[in-house]
Amino acid sequence: MVAMIALGDMAPDFDLSGSDGKRHTLGEFKGRRLVLYFYPKDGTPGCTTEACSFRDSNDAIRALGAEVVGISKDTIESHGRFREKQGLNFLLLSDTDSKTIKAYDAYGPGLFGMGTLRKTYIVDRSGKIVKIYEKVRPDGHAQEIIEFLKSPK
């Protein structure tokens, strides 16, 4: 059974290994806005475009009081290679059993069968979901995020 998440819901907690070698939970981001983006696979064309867009926009996103975190079911080793090759400047979390991906309703039929869907959630400082991007276009997505973060709440 896949969870259905709606605007205004509290974001589901997670406890995942990060590309920095540490474990990370939702709670550590409390007090900051979180751009939590789910993507299918390290190194694929769309995922690389999206990640590089976030890389290039990360300073602007941080200046707006938000942190970017990417989640896929790839291993920490894969994340490390992807971060190094693309010079990514934000955290990637590994969800190899797709538990968190499913909790965020980011699992379903894709181009290559069942897997991680490209979705983004913006979580406010209190842990509440304030924006959901259901059908993400990798190119230009980071700019959409910046525009949302700039908008008055």
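Kindly indicate whether GLY43 is at positive phi, small (Gly, Ala, Ser), surrounded by fewer than 16 Cβ atoms within 10 Å (Cβ to Cβ) and in contact with a Phe, Trp or Tyr (Cβ under 6 Å, 6 or more places away or on another chain). Here the answer is yes, as GLY43 does meet what is asked. Restricted to region 1-71, the set of strands (runs of 3 or more DSSP E) holding at least 3 residues that are out of contact with any helix residue (DSSP H, G or I) (no Cβ under 9 Å at 6 or more places or on another chain) comprises 23-25. In region 95-115, the residues that are part of a helix (DSSP H, G or I) reach residues that are surrounded by 22 or more Cβ atoms within 10 Å (Cβ to Cβ) and among the small types (Gly, Ala, Ser) with C-beta atoms within less than 8 angstrom, at least six apart or across chains, in these pairs: ILE101/SER72.
Every residue, every condition in (1) more than 11 Å from the chain's Cα centre (by Cα); (2) modelled with pLDDT of 95 or more, yes or no:
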| site | (1), (2) |
| --- | --- |
| PHE82 | yes, yes |
| LYS85 | yes, yes |
| LEU88 | yes, yes |
| LEU92 | no, yes |
| LYS99 | yes, yes |
| PRO109 | yes, no |
| THR116 | yes, no |
| ARG125 | yes, no |
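Do we find that PHE82 is within 27 Å of MET4 (Cβ to Cβ) and part of a helix (DSSP H, G or I) in this structure? Judged against the criteria, PHE82 is not a match. Within region 71-79, identify whether any single residue is at pLDDT 95 or above and touching a Pro at 6+ places or on another chain (Cβ under 7 Å), and answer yes or no. Yes, because at least one residue in region 71-79 is at pLDDT 95 or above and touching a Pro at 6+ places or on another chain (Cβ under 7 Å).
Restricting attention to region 56-77, which residues are surrounded by fewer than 18 Cβ atoms within 10 Å (Cβ to Cβ) and under 21 Å from LYS22 (Cβ atoms)? Passing the criteria: ARG62, GLU67, THR75, ILE76, GLU77. Only one of the numbered conditions (1) surrounded by fewer than 19 Cβ atoms within 10 Å (Cβ to Cβ); (2) within 25 Å of PRO45 (Cβ to Cβ) is not met by ILE145, and that is (1).
The values are calculated or read from the model by the stated rules, or taken from the named source; none is laboratory data. Note that this is a predicted model, so its numbers are computed, not measured. Quick reminder, even Gly has a Cβ in these numbers, built from the backbone with ideal geometry, and neighbours come from all protein chains shown.
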